[in-house]
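> Take this structure, written in structure tokens, and hold onto it; I'll ask about it next.
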Amino acid sequence: MDAIILQVLNGLDKGSAYALIALGLTLIFGTLGVVNFAHGALFMLGAFCAVTLQRLLTLSFEQIDPTQKDFLGNPLKVQVPYVDSWFGPDVGAFLIDWSVPIAILFAIPIMLIIGVVMERGLIKHFYRRPHAEQILVTFGLAIVMQEIVRLFFGANPIQTGAPGVFTGSFDFGVLIGFGPNAIIYPYWRMVYFLFAVVVIGAVFAFLQFTTFGMVVRAGMADRETVGLLGINIDRRFTIMFGIAAAVAGIAGVMYTPILAPNYHMGMDFLVLSFVVVVVGGMGSLPGAVLAGFLLGILQSFASMNEVKSMIPGIDQVIIYLVAIIILLTRPRGLMGRKGVMEE
Amino acid sequence: MSDQKKGISRRRVLKTGLAGIVATGVAPTIITNAYGFTNEPTGSTVKFGFNVPQTGPYAAEGLDELRAQQLAVEHLNGIGDGGMLSTFSSKALKGNGVLGKQVDYVTGDTQTKSDAARAAARSMIEKDGVVMINGGSSSGVAVAVQGLCQEAGIIFMAGLTHSNDTTGKDRKANGFRHFFNAYMSGAALAPVLKTAYGTDRRAYHLTADYTWGWTQQASIQLFTEQIGWETVNNVLTPVGAGDFSSYIAPVLNSGADVLVLNHYGGDMINSLTQAVQFGLRDKQVNGKQFEIVVPLYSELMADGAGANIKGVYGSMNWNWQLSDAGTQAFVKSFGEKYGQPPSNSAQTCYAQVMLYADAVERAGSFNPCAVAEALEGFEFDGLGNGPTLYRAADHQCFKDVLVVKGKENPSNQYDTLEVVEITPRAQVEYAPNHEMFGGDEATLGACNPGA
């Protein structure tokens with residue numbers, strides 16, 4: 001039982017990432033009708049916003065320490081962060097320690113700008129083109145983005161730690177009545193799950209309870225009529241693209257302590273997130289979130305030794321297997337709407 | 001209506017076709033066969049192929065290999081300080097190219113995938129006319145490219161490949177490996193683990209699901225069981241999985257008190273980090289402190305894993321902190337050119353390029369069979385690993401093996417690992433027909449010059 005609960009917890013943090021990426025993907029598809037295969041790359045760019053901020057905060061000047069030697073036998077050059085000298089060692093250390101959460105503030109404007117530039121500069125030229133062409137161009141864009149990141153940050157994963165207070169793990173089992181050491185779960189993964197719930201809630205609230213959101217939802221339902229009312233729906237959809245990019249970006253920022261960012265991490269998430277969108281139902285926001293958590297948990301279960309001993313290799317195919325079953329029984333996905341991609 | 005009247009004569013068709021054949025690169029293959037061996041260099045240059053992962057989970061290792069290969073070419077051509085040319089026990093190389101020809105090179109990206117690696121190698125052989133391919137990072141790739149080189153009739157000087165199979169069941173007459181292997185890691189590590197953690201331990205293995213992971217796991221299991229450890233479980237994980245948490249979680253309740261991570265490169269960085277996040281290193285199991293072992297280390301992995309590596313044991317082929325003259329000459333050259341010390345994957349590629357060039361000089365020919373003969377049974381020193389033998393029976397180098405540990409108090413950013421023991425060569429040697437290396441059925445086959 002404790003192993004099952006542990007895998008559910010594991011699935012929640014993975015599912016949170018799937019849900020956040022799929023939410024943006026389906027938001028873009030629902031508003032602009034574009035299948036954005038560069039969305040995984042936006043998640044990766046968000047993660048590298050955290051890496052960039054960490055590097056900015058640790059920008060240092062050199063001090064020669066004649067008592068120590070470097071690897072070539074020369075006097076060691078000690079790096080002293082500028083923030084330490086500007087704000088004092090305590091504040092400097094705090095800023096560096098909390099660089100990941102702080103990076104959310106850094107990533108939101110950057111990702112909004114990237115999203116808007118991407119939509120205005122490239123995507124809008126493909127609105128009336130077939131989905132296959134949209135997929136090709138956005139996939140190509142994703143490759144360009146990841147190669148640029150590799151050029152600047154190299155190919156190795158880059159460790160980006162959580163704040164010291166959230167490192168390590170806690171005994172979740174004791175909280176729910178199990179013995180000690182039965183269910184150990186890292187603090188940051190729980191933080192990530194809660195963060196995802198808050199972001200998903202905020203996106204839904206924005207769409208549900210603001211005038212802007214109401215217009216966007218109306219535009220998703222009937223773009224032409226909303227346009228005839230004199231509302232510039234294109235501008236709002238562009239902003240939604242930016243918001244979707246920002247959601248993917250901050251999802252990437254907060255994921256960095258869980259998975260050390262590398263230039264191709266977006267591709268790993270993209271394919272799974274696309275399956276999540278299809279399983280949830282193209283264009284359905286609640287469907288994307290539901291399917292994200294569902295597939296994340298199923299993937300975790302499939303990795304259990306007991307399951308793998310019964311069906312070897314199931315952990316590699318479970319998501320696709322479930323996608324096939326759901327699409328055979330519910331061709332529009334779990335919560336898909338009639339008429340979407342059915343022309 | 002005849003072709004003549006349309007302006008297309010049979011002669012013109014033949015001419016055009018012939019020009020097309022030459023232009024599309026089919027010609028080199030045809031011309032090759034007129035000589036004694038594949039891609040015999042006829043001009044003033046000779047071309048080497050460097051086939052390394054520039055993308056994928058082992059890309060950081062591959063890019064470091066490439067740096068070392070480029071440095072080796074410079075030194076062979078007489079550029080720079082000559083690196084290990086001055087410390088190499090063989091004095092056949094003079095820094096004026098190889099057999100009087102300047103060395104040129106082409107690079108390929110294996111993407112850490114066997115099919116991509118073979119495609120890149122084939123292009124190098126057929127289009128670029130390389131006489132030798134050096135590279136690896138991933139034994140799956142090395143075995144695949146070695147097989148291709150055997151078929152094509154050129155020499156394969158393996159880079160980073162640690163699977164027993166490379167010079168075991170998949171050994172080839174045209175393939176040579178300087179890097180150590182999984183069996184040697186097990187033989188070197190087990191006595192150190194016995195001293196550090198005792199004989200009553202229960203090990204849980206997470207293993208990369210391909211030839212290297214399988215043979216490393218089998219080797220470590222063999223040697224740790226010889227010192228009294230029990231193997232609780234072995235779980236295969238996909239290469240490039242990224243998030244290993246679902247594989248790590250079951251370790252917590254398995255009763256194991258040691259986790260052996262048979263992972264490499266980016267995978268090892270992620271799995272080790274996630275194991276630490278799940279609190280494994282803080283756990284007490286069976287009344288003992290839980291420990292993690294990473295049998296195959298690299299400086300780049302240690303750098304990537306950061307503080308998580310502290311106190312974790314592993315093994316290496318070479319380390320830049322060794323004090324011999326060859327190591328110091330190489331670290332100086334590499335460090336001054338690239339601003340960082342070389343990894344052990346870089347060193348093995350550098351050594352392999354030097355060993356190939358030296359063998360060509362001693363053989364007096366680029367003919368792969370003459371080169372192979374010069375390498376077989378070759379004993380040398382001065383390339384950073386101490387006295388080394390290229391065993392003729394399986395084309396595996398035999399030399400001392402390093403047991404290392406993540407350093408508790410690094411003095412600088414590159415000071416991540418400390419050498420805790422230099423295991424003597426005699427302790428890691430084995431018979432060429434050892435059952436872990438294909439037994440009696442494993443043979444090199446005949447050298448293929450490609451003619």
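> Hey, any hits in the stretch B:98-115 for a residue that's among the hydrophobic types (A, V, I, L, M, F, W, C), touching a Pro at 6+ places or on another chain (Cβ under 9 Å) and within 21 Å of B:Tyr264 (Cα to Cα)?
No: zero hits.
> Further question on the same structure: Please work out which one of (1) within 15 Å of the chain's Cα centre (by Cα); (2) within 14 Å of chain B (Cβ to nearest Cβ) is the condition A:Val276 fails and give its number.
Condition (2) is where A:Val276 drops out.
> Consider the stretch B:46-80. How many of its residues are in contact (Cβ under 8 Å) with a residue 60 or more places away in the chain and polar (S, T, N, Q)?
Count: 2.
> Would you tally the residues in the stretch A:167-198 being more than 25 Å from A:Ile4 (Cβ to Cβ) and under 20 Å from the mean Cα position of the chain (by Cα)?
Number satisfying all stated conditions: 1.
> Further, regarding this structure: Identify, from the list B:Val371, B:Val360, B:Val353, B:Val404, the residue that is outside the structural domain of B:Arg122 (by TED's automatic domain parsing) and either part of a strand (DSSP E or B) or crowded, with 22+ Cβ neighbours inside 10 Å (or both).
After ruling out the rest, the residue left standing is B:Val404.
> In the stretch A:257-288, how many residues are surrounded by 24 or more Cβ atoms within 10 Å (Cβ to Cβ), over 14 Å from A:Ser16 (Cβ atoms) and of a type in the set (S, T, N, Q)?
Qualifying residue count, the stretch A:257-288: 1.
> Scan the stretch A:43-56 and give yes if some residue there is among the hydrophobic types (A, V, I, L, M, F, W, C) and under 30 Å from A:Ala221 (Cβ atoms), otherwise no.
Yes, because at least one residue in the stretch A:43-56 is among the hydrophobic types (A, V, I, L, M, F, W, C) and under 30 Å from A:Ala221 (Cβ atoms).
> Can you spot a residue in the stretch A:51-58 that is over 30 Å from B:Thr327 (Cα atoms), within 14 Å of another protein chain (Cβ to nearest Cβ) and in contact with a Lys or Arg (Cβ under 6 Å, 6 or more places away or on another chain)?
no
> Take B:Leu222 and tell me if it is surrounded by fewer than 18 Cβ atoms within 10 Å (Cβ to Cβ) and at pLDDT 95 or above.
yes
> Go through the stretch B:303-327 and give me each residue that's part of a loop (DSSP other than H, G, I, E, B), over 16 Å from B:Gln274 (Cα atoms) and not aromatic (Phe, Trp, Tyr).
Selection gives B:Gly311, B:Asn317, B:Asn319, B:Gln321, B:Leu322, B:Ser323, B:Asp324.
> With respect to the numbered conditions (1) farther than 30 Å from A:Ile102 by Cα; (2) away from every other protein chain (no Cβ under 14 Å); (3) in contact (Cβ under 8 Å) with a residue 24 or more places away in the chain, which one is the sole condition not fulfilled by A:Gln299?
A:Gln299 satisfies all of (1) farther than 30 Å from A:Ile102 by Cα; (2) away from every other protein chain (no Cβ under 14 Å); (3) in contact (Cβ under 8 Å) with a residue 24 or more places away in the chain except (2).
> Could you list, in sequence order, the residues of the stretch A:173-190 that are within 11 Å of another protein chain (Cβ to nearest Cβ) and buried (at least 17 other Cβ atoms within 10 Å of the Cβ)?
Selection gives A:Gly173, A:Ala182, A:Ile183, A:Ile184, A:Tyr185, A:Pro186, A:Tyr187, A:Trp188, A:Arg189.
> Moving to a separate point now. Just one of the numbered conditions (1) under 25 Å from the mean Cα position of the chain (by Cα); (2) among the small types (Gly, Ala, Ser); (3) surrounded by 14 or more Cβ atoms within 10 Å (Cβ to Cβ) is not true of A:Gly201; which one?
Result: A:Gly201 fails condition (3) only.
> Still on this model: Select from the stretch A:159-190 the residues that are within 15 Å of A:Gly252 (Cα to Cα) and of a type outside the set (S, T, N, Q) and list them in ascending order.
Result: A:Gly161, A:Ala162, A:Trp188, A:Arg189.
> Does the stretch A:107-119 contain any residue that is over 13 Å from A:Val35 (Cα atoms) and without any contact (Cβ under 8 Å) to a residue 40 or more places away in the chain?
Yes; the residues of the stretch A:107-119 include at least one that is over 13 Å from A:Val35 (Cα atoms) and without any contact (Cβ under 8 Å) to a residue 40 or more places away in the chain.
> Quick one: is B:Asn433 modelled with pLDDT under 95, surrounded by fewer than 17 Cβ atoms within 10 Å (Cβ to Cβ) and within 14 Å of chain A (Cβ to nearest Cβ)?
no
> Do we find that B:Ser345 is within 30 Å of A:Thr167 (Cβ to Cβ), of a type outside the set (A, V, I, L, M, F, W, C) and either within 12 Å of chain A (Cβ to nearest Cβ) or surrounded by 21 or more Cβ atoms within 10 Å (Cβ to Cβ) (or both) in this structure?
Here the answer is no, as B:Ser345 does not meet what is asked.
> How many residues, within the stretch B:88-124, are buried (at least 21 other Cβ atoms within 10 Å of the Cβ), within 29 Å of B:Gly240 (Cα to Cα) and among the aliphatic types (A, V, I, L, M)?
The number of residues fulfilling the criteria is 4.
> Let me ask something else. State yes or no: is A:Phe193 surrounded by 12 or more Cβ atoms within 10 Å (Cβ to Cβ), within 14 Å of another protein chain (Cβ to nearest Cβ), under 19 Å from A:Gly249 (Cα atoms) and not acidic (Asp, Glu)?
Judged against the criteria, A:Phe193 is a match.
> Mind telling me which of the residues B:Ser245, B:Ser163 ends up being out of contact with any strand residue (DSSP E or B) (no Cβ under 9 Å at 6 or more places or on another chain) and either without any contact (Cβ under 8 Å) to a residue 60 or more places away in the chain or assigned by TED's automatic domain parsing to the domain that holds B:Pro53 (or both)?
Testing whether each residue is out of contact with any strand residue (DSSP E or B) (no Cβ under 9 Å at 6 or more places or on another chain) and either without any contact (Cβ under 8 Å) to a residue 60 or more places away in the chain or assigned by TED's automatic domain parsing to the domain that holds B:Pro53 (or both) leaves just B:Ser163.
> On to the next question. I'd like the full set of residues that are among the charged types (D, E, K, R), over 14 Å from B:Trp318 (Cβ atoms) and not in a strand (DSSP E or B), limited to the stretch B:376-401.
B:Glu376, B:Arg391, B:Asp394
> Of all residues being surrounded by 17 or more Cβ atoms within 10 Å (Cβ to Cβ) and facing chain B (nearest Cβ under 9 Å) in the stretch A:147-166, which is farthest from B:Ala307 (Cα to Cα)? Just the residue, please.
A:Arg150
> Looking only at strands (runs of 3 or more DSSP E) that fall completely inside the stretch B:26-139, which ones have 3 or more residues that are out of contact with any Phe, Trp or Tyr (no Cβ under 7 Å at 6 or more places or on another chain), under 24 Å from B:Phe330 (Cβ atoms) and more than 14 Å from chain A (Cβ to nearest Cβ)?
Because the criterion is at least 3 residues that are out of contact with any Phe, Trp or Tyr (no Cβ under 7 Å at 6 or more places or on another chain), under 24 Å from B:Phe330 (Cβ atoms) and more than 14 Å from chain A (Cβ to nearest Cβ), the strands (runs of 3 or more DSSP E) in the stretch B:26-139 that meet it are B:102-109.
The values are calculated or read from the model by the stated rules, or taken from the named source; none is laboratory data. These numbers come from a predicted model, not from an experiment. Counting neighbours? That spans all protein chains shown, and the Cβs are built from the backbone with ideal geometry, glycine included.
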